[in-house]
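Contents: one structure, followed by commentary.
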Amino acid sequence: MLKGKVSLDVTNLDNFEYDMSKCIKCKGCYWVDHIYMPGVNFSTRCPSATRYVFDSYGAYGKMRIGLAMLEGRMEYSDELLKTLYACTLCGACDVGCKRNLDLEIELSLEALRIKAVKDGKGPMPAHKKAAKKITEKHNRFGSPHEKRNKWLTKDIKVAKKADVLYFVGCSAAYTNPEIAKATAKILNAAGTPFMLMPDEWCCGNMLYSVGMIDEARELAKRNLEAVRKSGAKTLLVSCAEGYRTWKVDYPKMLNISTDDLGFKVVHLTELVDELIKKEELKLTRPIDMRLTYHDSCSLSRLSDPWTPWKGERGKWGMVSPGLERRRGTGGVYQPPRDILKAIPGVELVEMIRMKENAFCCGAGRGTIEAFPDFAAWAAEQRLFEAKTVGAEAIVATCPWCKDNFARVARQNGEDLKIYDISELILASIEG
Amino acid sequence: MAISKEAYKVLEAIVGEEYISSDPVVCEGYRSGPSGYEAGLGYERVMTKIPGGVILPLTTEEVQKIVRVCNRYKVPYVPYSTGWYGPRSHCHVDDELLIDLKRMDDFEIDERHLYAVVGSGVIYSQLQEEAMKRGCYIIVGGGGSQCSAIANMLGDGWSPLSYRIGLPHRRILGTELVLPDGELVKMGSLALQDDPFWGEGLGPDLRGLLRGFTGLRGCLGIVTKMAIKLLPFQPERLTPTGISPHTALELPSNRVKWINFTMPSKESMKKAMFEMARAEIGAGATKVPIFWRAIAKASCKEEYWDIWSKESEETISGFHLLRVLLVGFGSEEQMEYEERVLNDIITEIGGEARRTRPTDESWFKNADSAGMWLMCGGYVSVDYVIETLEHALPHGENYAKLKRKFTPPLMPDYGDPGWFQSFELGHQGYSEFLVYWDPDENTDGVDHFYLETSKENIRKRFYTSLLGPHQPLYLTGPAYGPNYHKWMLAVKDEFDPNFLSHPPVPLAHDEFVEKAAWMRPMKDWKSPKLP
Amino acid sequence: MTVKSKLREIVGPDNFSDDPEVLDKYSKDFSLVPAGVPNYLVKPKTAQEVQKIIQLANKNRLPVVPTSSSVHFNGAAIPKQGGVIADLTRMNRILEIDEFNRRVRMEVGVTWEKATRELAKKGFRLMMPLAPHPMRSAVIDHLEREVITNTVYDYGEPMQSMEVVWPTGEIFRTGSASVAGYPDSPSKGANPSGPGLDFYRLLQGAQGTMGIVTWANLKIEYLPTIDKVLFAPVDDLDYTTDFLHRILKLRIGQECLLLDNTDLAALAAENWPDDFEELRATLPPWTLILVISGMARRPEEKLQYEENMLKDIIKNEFSEIQLDNNLPGFPGMGRKLITVLRQPWPKKTPYWKHRYLGGCQSIFFITRPGMAPQFTDMMEEVAAQYGYPVDDIGGYIQPIEHNRACQMQFDIFYDPDSEVDVELVRSLYRDAISVLASQGALFTRPYGELADLVYESATGYATALRRVKKVFDPNNIMNPGTLCY
């Protein structure tokens, strides 16, 4: 809808006709912000366009393709599905566009996937397999649901009731238990009681991300009710993907605002940073390491809170009522850095592409399932960048990032160490 | 739509199957519009098509082979570096091959001898950063950081920094050009040696074939490599600061400074520019169009309109802002000297310095050029002319009068007589007119305005950017030179006898006028039947 | 009507000649290019006359060789295939001096002497090569890309728009002079580029093969308010090159050049030949000359900060450079040189290149400044092979654009009246250019036999040039036998 009633409802692609039709091909969605452009190397932040080269893989191509889909000029094909799905929805394009133009690129991409699913053509077969696992076993790996809390060791104190509910997530529960353990122990050490979900299910990140919005919404309703029932004031996560799913996609799917969730969604790094600054947590044990920090997309540029919006678009494309765009400005960029700087002995060296310019690890939002080679390639790019700045280790705030980096590092025989920030925080508390 | 199977097979063998496609999804991704520079207008709707195939070469040799195959199998083609220039850089005919040059991103830099060698895939912000790391700088053309450096050097290449470092024509050094028949011409020192440091020809200078004033859109060959002159800068770092969307370069105030001055009149701005040039100070001197200030202040489109709608003819006619750039190229003392001289000049003329942010979003990295579309969704610089300040000011006034007749659909600008600057230490002046419209409304008026501008320039004897491929060649041709079009077409005929390189450029706008019903009544010049 | 009578009709009988004695003067020049006799001489006064001459030439397939100066050093105006000499020295008007836009529009017959004099009256100057002959055409010297002594203006060449008569006979204006009715237009002709193609580039360095330029717009600069001429004796060219890389990037100075003892002596000597011999013997091997200047406002302050910059750099980085406002042992050199650098050579004095032995063959090319010592060595080796005294070679290094490149020039002095000398220098020259070219000397202005050397190595470029030439000069009448045509 170019003029007239419009909303940010992703279930109707028509809402993004304006945005898709106004892409000017400046490729701000592809290049690192020109102010921060580091030179001829490490100059892009769109993994899809960088990997697959044709314009169709950048947002500038996808907006045109999306418009063709909306106007019924595009038939589904393998190539179309690959174009839509070989993409981590990392938000670099959205933030890049909004530096100057304020087009809703990310929402358009989400809406395109939702349309593909609605049309019975999407998502990718690997997504359908994973979706089945989520439905049956409540986790994306298809592992036994009853083993979800296996990561819990006896030395971890879990409260029956507390203000803080730690939502562990599938990855930390099953493939990266070190993150769950570290998070829990940090909370214990900080004297912050926490509870767990009585019956934790997958947050539905992948389902929403690949366009299976109906399934994702059902899961969201179920999970939201469970948290509300627990009386938690804060939902704590140690997974960036989960952070974004709870904070942004749940309200989006349910047509409410982040504030209306009834609790705060907080990432471990936000909490720990606050505790350190209040001197309620001290990081005293030195870690002698030159490390670099990887901004996980969903914690950084994708994490501005959600407010539903509907209104009208008129002359010159102006909308009313006014709309506060989500531009990635309010992402969690500084707290993880402050934490790392607070660890004695750590030498923090920045990646060439950092903060809102970070290059996605390649794993998230359905990519690792359907395009493992692409995910591996993206991780390789990022690991190479880490080595270029002379880092011995790379630190992330998401098990998806850590997992992908670690797998690729292992496969390639890299000696770069891969950490989740929770591990380093814990090491600096406990030793 | 399809490129012949035989041709496709041979092309595939040249680049490998990973780098060629005729898939409709891939091709749709290369559509010109509906938005972009000069898009959302009649030319884009009528003249552009999606490619029949896309190919991505890596080397000059591959480009040559591709062009030769196109000649063999009569496949029309268009070279494409970023696609940023808008419809004029996209396919215009059916079954056309789009040669996407983005993989050609080789880069070398010689800071001692002040040049960088780039492929078509290198963009300005990359080049500028590499230059600045080494105490040098370049001009990032008005099109912005995202321009392919080569493409912009061939069709534009100026900014307020041209006050000091001049036209792009002299910054093109050793260059490789693949002619439309596939022959390779190496220009400058590359003609004789494997060293691109020098640009002038061996005898006559074949760089004459590269661009003209505002470019040839690739209809006379494909530049695959260019050495670009760097200019010495100053040693302090311009530090990137801020989080998107509020990012900017922080300027080292002891060496780089923009200063805004409110001036009593337009004439006084011209005088200030003249005096600065006479004193040979400064690194940039430009008038600031008032609506840019509204863009800079606004946090979104709606806020822009809120600010802009409060302006009027009165406020516009009373607003004269001169923006001056000082750079301490040699030393802090030099900058202090220039600032003293500048203050002398401004005081004499009756201007006043305003508080100016010590940051830059334009023009060193020119990161905000895409913001030109924020206000309305449609934008083009209708005319941008390098001549003298004495040309720029009346050109602006004349243009503002003409523009009134076409507002709406153009965005109201309350008679703002355009943007003007001083170039080459006052030897030249520059005027540019940016127009905006809502592309979702009827845009025929914008198409008419464009052509009317061309006619008005001819009537009033102004020089113009609307030459060559920009407007009907048979309209402008007889009026400039006279008959420059004859030479252009003769050269085109010599080097592209099959008319395969970006057809029907340079006659594309002529064809547009013939094809578009709303344009035909404007045709009052003679032309032969178009090929 | 015969060709002769038609030519007489076009320019008037007083401006036509086929007298062998008159034609003989055009058959040779100060270069070693072999003589070539024209059939006719005409001296047009207007572009329309030029046009008619060219139209006639096309009809009759008659070569046309344009010349705008009364002296030539490179052989470009010597007819290779006979034809008509179109001598444009009568077209010598300064058409406009545009003070606001710092532009002069002048006909090609305007000499350096006239241009400098008239511009100075208004406080302006035209960028100049080193001590040009006063009777050379200022426009043509710029069209032929003579390298200027001033390195500070970043925007580069002074050439703007021009009027040309194409080899097909059309009168055409390039750049922003192409507007209808120019100069009666808001357009002043300040933009060299376009329309459509960059015609001006095709005319530059063309040695009259692409058309006849009748007038041009050129940028002019203000005469500085104050000047200081600084000198530094140079033993080590490499060290000095590093110094120049450092200071010229800071935009210090106006004129900046290096002259060897022979060339500097030839330029500076007053009482000839004693002064010359003494200077030559006592001057350092090379001398760096740097002029720093104050312009229109606060000139002393400008001078001061430039001096401070130089002082700091020399003190902290280049302590061996002894830059001073006099050359030790040579009082008054500054005053002498500022005149040399700001004025064409005085008419009454024999030209500096001819003062020593009467003749001089210059070899000039573009290169990276760091290559200067090697090329000097190569030149000396070739000279030695011919028994040519190395001390007699004049050397001139002109830094270009912040010293990113330079023009090297070797001046080989000889007695033109001695057949032995002439033959020796001819062979020496041939060998020298071959050796230098093979080691990367870039001969961008291939005069005479340099053309064969250059275009044989740049066949792709030559082919493209010929294709362009075919478009503009289908009958190949413009100065045929020149360049690669």
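The values are calculated or read from the model by the stated rules, or taken from the named source; none is laboratory data. Just so it is clear, the model here is predicted, and its values are computed rather than measured. Don't worry about glycine lacking a Cβ; one is built from the backbone with ideal geometry, like all the others, and counts go over all protein chains shown. With ligands, DNA and RNA removed, areas are computed over all heavy atoms of the protein, side chains included. Shrake-Rupley method; radii C 1.70, N 1.55, O 1.52, S 1.80 Å.
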Looking for something in contact with a Lys or Arg (Cβ under 6 Å, 6 or more places away or on another chain) and open to solvent by 20 Å² or more (accessible area, probe 1.4 Å) - is there at least one such residue anywhere in region A:382-400? yes
Restricting attention to region C:452-463, the residues that are more than 7 Å from every other protein chain (Cβ to nearest Cβ) and either touching a strand residue (DSSP E or B) at 6+ places or on another chain (Cβ under 8 Å) or surrounded by fewer than 20 Cβ atoms within 10 Å (Cβ to Cβ) (or both) number exactly 5
Result of the Cβ filter at 7 Å on region A:162-181, keeping first residues that are over 14 Å from A:Lys402 (Cβ atoms) and surrounded by fewer than 19 Cβ atoms within 10 Å (Cβ to Cβ) and partners that are among the small types (Gly, Ala, Ser) and modelled with pLDDT of 95 or more, at least 6 apart or interchain, is A:Asp163/A:Ala232
Starting from region C:177-191, keep only residues that are more than 7 Å from chain B (Cβ to nearest Cβ) and free of Cβ contacts under 8 Å to residues at least 40 places away in the same chain, then list their pairs with residues that are open to solvent by less than 10 Å² (accessible area, probe 1.4 Å) and assigned to a loop (DSSP other than H, G, I, E, B) whose Cβ atoms are within a distance under 7 Å, requiring at least 6 positions of separation or different chains. C:Tyr182/C:Gly189
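Looking at region C:54-100, which of the residues that are of a type in the set (Asp, Glu) and assigned to a strand (DSSP E or B) is most open to solvent (accessible area, probe 1.4 Å)?
As a first pass, look at region C:54-100 and keep what is of a type in the set (Asp, Glu): C:87, C:96, C:98-99.
Then keep just the ones that are assigned to a strand (DSSP E or B); that gives C:87, C:96, C:98.
Values: C:Asp87: 6, C:Glu96: 48, C:Asp98: 19 Å².
Across region C:54-100, the extreme among qualifying residues is C:Glu96.
Working only within region A:290-336, note down all residues that are among the hydroxyl-bearing types (Ser, Thr, Tyr), more than 14 Å from chain B (Cβ to nearest Cβ) and over 25 Å from A:Lys3 (Cβ atoms). Break it down stepwise before answering.
First, the residues of region A:290-336 that are among the hydroxyl-bearing types (Ser, Thr, Tyr): A:292-293, A:296, A:298, A:300, A:303, A:307, A:320, A:329, A:333.
Restricting the remaining residues to those that are more than 14 Å from chain B (Cβ to nearest Cβ) gives A:292-293, A:296, A:298, A:307.
Within region A:290-336, A:Thr292, A:Tyr293, A:Ser296, A:Ser298 meet the criteria.
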Would you mind stating whether B:Ala479 is more than 19 Å from C:Val179 (Cβ to Cβ), of a type outside the set (Lys, Arg) and within 7 Å of chain C (Cβ to nearest Cβ)? no
Which of the residues that make up region A:93-146 are open to solvent by less than 30 Å² (accessible area, probe 1.4 Å) and either touching a strand residue (DSSP E or B) at 6+ places or on another chain (Cβ under 9 Å) or free of Cβ contacts under 8 Å to residues at least 24 places away in the same chain (or both)? A:Gly96, A:Gly142
Run B:Thr48 past the list (1) closer than 28 Å to A:Met69 by Cβ; (2) open to solvent by less than 20 Å² (accessible area, probe 1.4 Å); (3) of a type in the set (Ser, Thr, Tyr) and report the number of the one that doesn't hold. (2)
Quick one: in region C:286-334, which of the residues that are in a loop (DSSP other than H, G, I, E, B) and modelled with pLDDT under 95 is nearest to the other protein chains (Cβ to nearest Cβ)? C:Asn325
Which ones in region C:1-53 are assigned to a helix (DSSP H, G or I), open to solvent by 80 Å² or more (accessible area, probe 1.4 Å) and within 29 Å of C:Pro474 (Cβ to Cβ)? C:Arg8, C:Glu9, C:Gln48, C:Lys52
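Conditions (1) within 13 Å of chain C (Cβ to nearest Cβ); (2) in contact with a Lys or Arg (Cβ under 9 Å, 6 or more places away or on another chain), marked per residue:
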site	(1), (2)
B:Cys91	no, yes
B:Arg103	no, no
B:Asp110	yes, yes
B:Ala116	yes, yes
B:Glu130	no, no
B:Ile138	yes, yes
B:Met153	yes, yes
Subset of region B:490-522 that is open to solvent by 40 Å² or more (accessible area, probe 1.4 Å) and within 23 Å of C:Asp473 (Cβ to Cβ) - its residue that is nearest to the other protein chains (Cβ to nearest Cβ): B:Asp493
Could you please let me know if C:Ala405 is of a type in the set (Gly, Ala, Ser), closer than 18 Å to C:Phe375 by Cα and touching a residue at least 12 places away in the same chain (Cβ under 8 Å)? yes
What strands (runs of 3 or more DSSP E) completely inside region B:316-415 contain at least 3 residues that are farther than 30 Å from B:Glu441 by Cβ? B:321-327, B:352-354
Out of the residues in region B:169-191 that are in a loop (DSSP other than H, G, I, E, B) and open to solvent by 10 Å² or more (accessible area, probe 1.4 Å), state the one that is nearest to C:Met159 (Cα to Cα). B:Glu183
Top-ranked residue of region B:490-526 - restricted to ones that are in a helix (DSSP H, G or I) and aliphatic (A, V, I, L, M), ranked as farthest from B:Tyr80 (Cα to Cα): B:Met522
Being open to solvent by less than 20 Å² (accessible area, probe 1.4 Å), within 14 Å of another protein chain (Cβ to nearest Cβ) and within 26 Å of C:Gly253 (Cα to Cα), is that true of even one residue in region B:255-267? no
Scanning region A:347-373 for residues that are among the acidic types (Asp, Glu) and assigned to a helix (DSSP H, G or I), which turns out most open to solvent (accessible area, probe 1.4 Å)? A:Asp373
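Residues checked against (1) among the charged types (D, E, K, R); (2) farther than 30 Å from A:Gly330 by Cβ:
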site: A:Tyr85; (1), (2): no, no
site: A:Gly91; (1), (2): no, no
site: A:Val95; (1), (2): no, no
site: A:Lys98; (1), (2): yes, no
site: A:Leu103; (1), (2): no, no
site: A:Leu112; (1), (2): no, no
site: A:Gly122; (1), (2): no, yes
site: A:Ala130; (1), (2): no, yes
Taking the criterion of being farther than 30 Å from B:Lys133 by Cα, part of a helix (DSSP H, G or I) and either more than 10 Å from chain B (Cβ to nearest Cβ) or of a type in the set (Val, Ile, Thr) (or both), would at least one residue in region A:34-44 satisfy it? no
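Taking into account only those residues within region B:301-336 that are in contact with a Gly (Cβ under 9 Å, 6 or more places away or on another chain) and without any contact (Cβ under 8 Å) to a residue 40 or more places away in the chain, which is nearest to C:Ile313 (Cα to Cα)?
Residues of region B:301-336 that are in contact with a Gly (Cβ under 9 Å, 6 or more places away or on another chain), as a first pass: B:301-303, B:313, B:316-317, B:320, B:322-327, B:334-336.
If we keep only those that are without any contact (Cβ under 8 Å) to a residue 40 or more places away in the chain too, we end up with B:302-303, B:334, B:336.
On the way: B:Glu302: 54, B:Glu303: 52, B:Gln334: 15, B:Glu336: 19 Å.
Only one residue tops the list, namely B:Gln334.
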All but one of (1) touching a residue at least 40 places away in the same chain (Cβ under 8 Å); (2) more than 23 Å from B:Gln146 (Cα to Cα); (3) open to solvent by 40 Å² or more (accessible area, probe 1.4 Å) hold for B:Asp344; state the number of the condition that does not hold. (1)
Can you run down the residue pairs with Cβ atoms below 7 Å, 6 or more apart or on separate chains, where the first is in region B:5-23 and within 14 Å of chain A (Cβ to nearest Cβ) and at pLDDT 95 or above and the partner is outside any helix (DSSP H, G or I) and open to solvent by 50 Å² or more (accessible area, probe 1.4 Å)? B:Ser22/B:Ala2
With criteria (1) open to solvent by 10 Å² or more (accessible area, probe 1.4 Å); (2) under 30 Å from B:Lys515 (Cβ atoms), B:Glu96 comes up short on (1)
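Results for (1) closer than 28 Å to C:Gly358 by Cβ; (2) in contact (Cβ under 8 Å) with a residue 24 or more places away in the chain; (3) surrounded by fewer than 23 Cβ atoms within 10 Å (Cβ to Cβ), shown as yes or no for each residue.
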| site | (1), (2), (3) |
| --- | --- |
| C:Ser427 | yes, yes, yes |
| C:Asp431 | yes, yes, yes |
| C:Ser438 | no, no, yes |
| C:Leu465 | no, no, no |
| C:Thr482 | yes, yes, no |
